[in-house]
Every structure is written in structure tokens, then in C-alpha cells.
Amino acid sequence: MMPQINDSKSEIVPRLQGLHLFHFDGAPCAQRVRFVLGEKNLQRGREVKFDSVSPDTLAAATGTWISRSVSLIKKQNMSAEYARIHLDMVVPALAHDGRLYLESMDIIEYLDQAFGGPAFIPSDPGKRQETLALVEQAKELHLSLRYVSFRWSLGRLAMLSAKEQANLKQLAQGGNDRENLVAFYEAFSNKGIPQQVFDEHLLELHKALSVLNQKLGDGRNYLTGDILTMADVFWAMKLLRLIETGYLVSEHHPLLYAWYERIYRRPAFQQEVMLRNRLLNRVWRSKAAVERMLGLGLDPALKHLLAA
Ligand SMILES: N[C@@H](CCC(=O)N[C@@H](CS)C(=O)NCC(=O)O)C(=O)O
């Protein structure tokens, strides 16, 4: 696995010195990278428009990164400007000294190589393999999290109008659409997705979380032992989003919840994941709580599935 340097068509990226992160505060894929930056003591610096090229925004000071937020709510990721930076139109993307790195897993590996601080991929071969296997599993369940959170949390807010879908389709022609945004949004926005599909994804997630919960039964602090790794980073951000969507992790997987809380309390989590995500986090959690009271939402659906 090597950090990916992509064939971006952006004229902006080669001009960026130091670290610049294209990200969104509420996106788990970007939260992973911000958390790692925080753990490595690389501080969030200026907030600038994602496509800013004004001279004072081109260079990040040593030990800091420039925040180039790409709002997924405003669908800025589906703009021509962003599609030239990341051909798949997703966050995150990292620019470092004019080069571009994509894929959160590869970005974290790159940060491990390029900067000091704690390593997120252990050097011990056994632990390394275990870590990467758990990361791969989290990656495979990326689509499940997408289905579950679009169904029970984002809802209509995430649907695209016919015009927006046409725009997305056109932009996707410039790349490979490796995250399948075109097909997903088309089905989600128009035809609807069969309930059975949502249920299957929810059950997949439940199954995986049950196994992780069991793993923690031997008293280990983190998923692969007593050291925080990329596996914890990937899974913790999944749990954050699932909790926002109404998944009662504390009830279904108590050891996993205690593990999540250990990570949640870390200063880098508070600073880099929660600080600017607090408002959205409250909105999602309140929505989920109201739905639960009405017998709707993710948790009643999960209980129903588990009882069947
Ligand atoms: N495999 C990619 C996944 C990136 C991804 O799917 N990002 C999501 C946010 S978590 C996104 O930008 N989605 C845009 C959308 O759904 O419109 C990575 O790990 O970097």
C-alpha cells in the first residue's frame, strides 16, 4: 500500500506549500485524517475557501495545516472546481508541498511516513497485519454506513434534484467515480432504495460491531492491543456517525462503547473532530432521539430486525 499521488487536473494544488486539507467537519472520512493530524500535533491553522489562491493562503506555517472546507451540505464537492482536485468528488484530499494525496487510509499512512509523533500503523508485522485487516473491514463497510446514515439521518436533505444529478453525471465523466456517487444518488433521489437493502446494511454493521465488542472482552484498551492504531481511528469515526444516526451503541455493544469513549475523550478528538462538528452532531442526535420516542428511526428498526 503506497500513498496515492493522483492525476489531479487542479491548477491550485501545485501552488500549495506545506499542508492543506480539503475536508468537511461532519464527514467521517475527513474526521479520521483530522484526528491523526491532531494526534501528531499538527495544528489546524487558517480557514480559507477551498479554492482560494490568494497569495496569503498558499503557504501553511510549519506545524500547522490550512483548512480548506468543502461543504457536503452545500454540495461543493460536486462543483467543477472541486472535481478538478478530487476526480471522485469526495473528501478528504491532502495537499503537501504541491503534491496531492487521496484516500483517507493512504493519507494517514503518508502522514506516518512524513511526520513524527505516534505511528498509526504498527511496525510489528503481526500487529500491522491485524490493523490493516480491521481498516479494510471498515472500508468494506463504508457503503453500509452510507446507506444507514442516508436512510435514517440525512434523508431528504441528501437527495439531489434532477438538475443536480445531471451536473454530477457530467462532472463524473472526468474521472472514474470510484465511490459510485452517480448511481447511488440517482437511486436514492429518484427510485428509492428497497427497505430490505437498508436492513441488510444495518445488520452487516451490527454483526461487525458485535465482533469488535467481543474482541475487547479480554480487557485490551484498543482494538489491536494497548496502542491506538489506524484501526481505532477508522472504527471510532464510524461509531460517531452511527451514534449521530441513532444507533444505541452503549446498549448493543457496551465494551465497544467504553472503547469509543476512551477515544472520544482524547484532546485530538475533542479539538479536531468535535469542536466544529458540535452543532451538526446535536442536530442529528436530537433528530434521532425524537424519532426513537415516536418508535421510528434506526434503533426501533434494528430491534425489529434482531427480534425477527
Ligand atoms: N475511500 C474514500 C471515501 C471518501 C468518501 O466517500 N467521502 C465521503 C465523506 S465520508 C464524501 O465525500 N461523500 C460525498 C457525498 O456523499 O456526496 C476515503 O476513505 O477517503
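Across the range 116-159, which residue is nearest to the ligand (Cβ to nearest atom) among those that are part of a helix (DSSP H, G or I), of a type outside the set (S, T, N, Q) and closer than 21 Å to Glu39 by Cβ?
Residues of the range 116-159 part of a helix (DSSP H, G or I): 125-140, 142-158.
Next, only the ones that are of a type outside the set (S, T, N, Q) stay: 125-128, 130, 132-136, 138-140, 142-143, 145-148, 150-152, 154-158.
When the remaining residues are screened for being closer than 21 Å to Glu39 by Cβ, the result is 127-128, 130, 132, 134-135, 138-139.
On the way: Lys127: 22, Arg128: 19, Glu130: 20, Leu132: 14, Leu134: 14, Val135: 10, Ala138: 9, Lys139: 7 Å.
Step by step, filter the range 116-159, then rank; the result is Lys139.
Do we find a residue being part of a helix (DSSP H, G or I), out of contact with any helix residue (DSSP H, G or I) (no Cβ under 6 Å at 6 or more places or on another chain), surrounded by fewer than 20 Cβ atoms within 10 Å (Cβ to Cβ) and not assigned by TED's automatic domain parsing to the domain that holds Leu37 anywhere in the range 100-111?
no
If Ile193 passes every condition in (1) modelled with pLDDT of 95 or more; (2) in a loop (DSSP other than H, G, I, E, B); (3) within 16 Å of the ligand (Cβ to nearest atom) but one, which one does it miss?
It is condition (1) that Ile193 fails.
Is one or more of the residues making up the range 24-42 out of contact with any strand residue (DSSP E or B) (no Cβ under 8 Å at 6 or more places or on another chain), within 16 Å of the ligand (Cβ to nearest atom) and among the aromatic types (Phe, Trp, Tyr)?
Within the range 24-42, one or more residues are out of contact with any strand residue (DSSP E or B) (no Cβ under 8 Å at 6 or more places or on another chain), within 16 Å of the ligand (Cβ to nearest atom) and among the aromatic types (Phe, Trp, Tyr).
Of the residues that make up the range 75-83, is at least one under 20 Å from Leu171 (Cα atoms), more than 12 Å from the ligand (Cβ to nearest atom), modelled with pLDDT of 95 or more and not hydrophobic (A, V, I, L, M, F, W, C)?
Within the range 75-83 (the criterion being under 20 Å from Leu171 (Cα atoms), more than 12 Å from the ligand (Cβ to nearest atom), modelled with pLDDT of 95 or more and not hydrophobic (A, V, I, L, M, F, W, C)), the answer is yes, since at least one residue qualifies.
Of all the residues that make up the range 52-76, how many are touching a residue at least 40 places away in the same chain (Cβ under 8 Å) and either outside any loop (DSSP other than H, G, I, E, B) or within 15 Å of the chain's Cα centre (by Cα) (or both)?
11
Out of the helices (runs of 4 or more DSSP H) lying entirely within the range 225-296, which hold 2 or more residues that are under 30 Å from Gln129 (Cβ atoms) and not hydroxyl-bearing (Ser, Thr, Tyr)? Walk me through it before giving the result.
On the way: elements: 230-245, 249-252, 254-264, 278-293.
Where helices (runs of 4 or more DSSP H) fall fully within the range 225-296 and carry at least 2 residues being under 30 Å from Gln129 (Cβ atoms) and not hydroxyl-bearing (Ser, Thr, Tyr), they are 230-245, 249-252, 254-264.
Report, by residue number, each residue of the range 46-83 that is under 18 Å from Ile107 (Cβ atoms) and crowded, with 18+ Cβ neighbours inside 10 Å.
Residues satisfying the conditions are Phe50, Ala60, Trp65, Ile66, Ser67, Arg68, Ser69, Val70, Leu72, Asn77, Tyr82.
If we keep just the residues of the range 85-115 that are among the acidic types (Asp, Glu) and either over 12 Å from His20 (Cα atoms) or touching a Leu at 6+ places or on another chain (Cβ under 6 Å) (or both), which is nearest to the ligand (Cβ to nearest atom)?
The first filter runs over the range 85-115 and keeps only residues among the acidic types (Asp, Glu), leaving 88, 97, 103, 106, 109, 112.
Remaining after also requiring either over 12 Å from His20 (Cα atoms) or touching a Leu at 6+ places or on another chain (Cβ under 6 Å) (or both): 88, 103, 106, 109, 112.
Working: Asp88: 7, Glu103: 5, Asp106: 8, Glu109: 12, Asp112: 16 Å.
By that ranking, first place goes to Glu103.
The values are calculated or read from the model by the stated rules, or taken from the named source; none is laboratory data. Being a predicted model, the structure only gives us computed values, none of them experimental. Cβ: placed from backbone, ideal geometry, glycine included. Neighbour counts: every protein chain shown.
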